[in-house]
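The values are calculated or read from the model by the stated rules, or taken from the named source; none is laboratory data. Values in this document were obtained by computation on a predicted structure and should not be read as measured data. Cβ coordinates were reconstructed from backbone atoms using ideal geometry, including for glycine residues, and neighbour counts include every protein chain displayed. All accessible areas refer to the heavy atoms of the entire protein, side chains included, with ligands and DNA or RNA removed. Shrake-Rupley method; radii C 1.70, N 1.55, O 1.52, S 1.80 Å.
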Amino acid sequence: MRSMNWDRFQALLLNATGETLYMVALAALFTVALGLPVGVLLFLTRRDGLLPHRPLALLLNTLVNTGRALPFVVLLIALIPFTRLLIGTTLGSTAAVVPITLGAFPFFARIVENALDEVDRGRVEAVVSMGGNLWHIVSRVLLPEALPSLVAGVTLTIVMLIGFSAMAGVVGGGGLGDLAIRYGYQRFDNQIMAATIVVLLALVLLVQKAGDRLVRALAWRR
């Protein structure tokens, strides 16, 4: 590879990596912001929950199950009109955050529900016996006790978001996926294809390792 080509190769790879990190960070923020309250409501409103509400529980379960059942590529294409309405364009990293978030938050909501389900009911009953209200139970018992599981769930979700961000390249979402498609696949450049795979794997491994360390630290402090 000549010097000029190598410089361009580096520039393309660095730019694509930056776009991927931007997409994943922003999507992770919105995914947690949407998925956490939905997951808490899933836990509270189910039949054996603290605030049983069958219609709301049915609505939330339908929403979450539908979101999890749809293949992301299909959702990505189906949301093009909504993304254009919301952002004004369907191209670029910012536009890709919309379908990535909507595809990921149902998954995280279910993780939140399962994490809260692992909390010792005795602790909840103790707060209730002391006159604690629903807000006290959620904020001082459920979420703190489930924190290690929630962090593990966030880690798993971010790993999934990295994969989603790569798939967003199919519709011009930018990032490493777009680089792999436009240069690696369409131009038959095996070096770029291999480089994008290596960078994606490195990102996944780094996120997983950092998440595992944080989970162990939180579990040790309990």
### Query
Rounded to the nearest 500 deg cm²/dmol, what is the calculated helix-only ellipticity per residue at 222 nm for the chain, with -39500 (n - 2.57) per DSSP H run of length n ≥ 4?
-25500 deg cm²/dmol
#### Entry: Cβ-placed point charges (K, R +1; D, E -1), dipole of region 6-220 about Cα centre in debye, nearest 20
180
### Message
As I understand it, the dipole of region 6-220 uses +1 on the Cβ of Lys and Arg and -1 on the Cβ of Asp and Glu, about the Cα centre. Which of L102, L59, L206 lies farthest toward its positive end?
### Response
L59
### Query
For the chain, what is the accessible area per residue in Å², given a 1.4 Å probe and the full set of protein chains?
56
### Chain lengthening between Q191 and N15 when straightened (0.36 nm per residue, less Cα-Cα)
61.7 nm
### Task
Just tell me, in residue order, which DSSP H segments of the chain are both 20 angstrom or longer along the helix axis (alpha-carbon based) and at least 1.6 in mean Kyte-Doolittle hydropathy.
147-167
### Message
Run the numbers for A210 and A126: contour at 0.36 nm per residue of separation, minus the present Cα-Cα distance, in nm.
### Response
26.8 nm
### Message
Could you sort the peptides 76-84, 182-190, 144-152, 169-177 by per-residue average Cβ neighbour count (10 Å cutoff), highest mean leading?
### Response
169-177, 144-152, 76-84, 182-190
### Query
How many Å³ per residue does the convex hull of the Cα positions in the chain occupy?
126
### Query
Between N133 and I87, what length in nm is gained on full extension when 0.36 nm per residue of separation is reduced by their alpha carbon distance?
12.6 nm
### Query
So what's the net charge close to G39: Lys and Arg +1, Asp and Glu -1, counting the other residues with Cβ under 9 Å from its Cβ?
0
### Message
Tell me the carbon and sulfur percent of the accessible area for the chain, rounded to whole percent, probe radius 1.4 Å.
### Response
67
